[in-house]
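The values are calculated or read from the model by the stated rules, or taken from the named source; none is laboratory data. None of the values given here were measured: they were computed from a predicted structure. So basically every Cβ, Gly included, is an ideal-geometry build from the backbone, and we count neighbours across all protein chains shown.
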Amino acid sequence: MAPRALLCVFLLTAAASARAGELVVRIHGLDAAKGEIQVELFGESDRLTFPYAERGVTAEVRLKARTLDAPSTDASVAFGDLAAGRYAIVVVDDANGNGDLDRNLLGIPTESYGFSNGVRPTLRAPTFDEAAIGVAAAATTLADITVRR
């Protein structure tokens, strides 16, 4: 009896993994000489915290710029095993590696950043719906993001 139950759990787990989607984020415009690159992925459950990772994020990747193939200004990050749905992405080219998007006294970012869908509203952060892209089950979705100040 126990082997059958174990087989059922295995088959259900395998079927769920087969339906998972992958999101490949291709980043352009990086300053590969210093700092780190932060790639933050927000799912539907994190839509209210978007784009502020410190308030909750689905997944986050940090890459040291010096690990990229110099003098590359491009990088790619893959998020696998994603449930089908909508996701929004924030990329920060954190030049000083302090883990924050630095801003001047007026609150204007002094480091390069970008959002999925190329959205870049004036005088406010984008909404989740503006930046959201669809990820399909059992498929690879590509997202190109160019960072700039």
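Quick grid of which residues meet (1) surrounded by fewer than 13 Cβ atoms within 10 Å (Cβ to Cβ); (2) over 20 Å from residue 49 (Cα atoms); (3) of a type in the set (Lys, Arg):
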site: 81; (1), (2), (3): yes, yes, no
site: 97; (1), (2), (3): no, yes, no
site: 101; (1), (2), (3): no, no, no
site: 120; (1), (2), (3): no, no, yes
site: 124; (1), (2), (3): yes, no, yes
site: 129; (1), (2), (3): yes, no, no
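For region 103-118, a tally of residues being buried (at least 17 other Cβ atoms within 10 Å of the Cβ) and either over 21 Å from residue 28 (Cβ atoms) or of a type in the set (Asp, Glu) (or both) returns 1. The number of residues in region 103-134 that are over 21 Å from residue 58 (Cα atoms) and either in contact with a Pro (Cβ under 7 Å, 6 or more places away or on another chain) or of a type in the set (Ser, Thr, Tyr) (or both) comes to 4.
For the residues 93, 102, the requirement of being free of Cβ contacts under 8 Å to residues at least 12 places away in the same chain and over 16 Å from residue 44 (Cα atoms) singles out 102. Listed by position, the strands (runs of 3 or more DSSP E) contained in region 32-141 that have at least 2 residues being within 21 Å of residue 21 (Cα to Cα) and either out of contact with any strand residue (DSSP E or B) (no Cβ under 7 Å at 6 or more places or on another chain) or modelled with pLDDT under 85 (or both) are 59-64.
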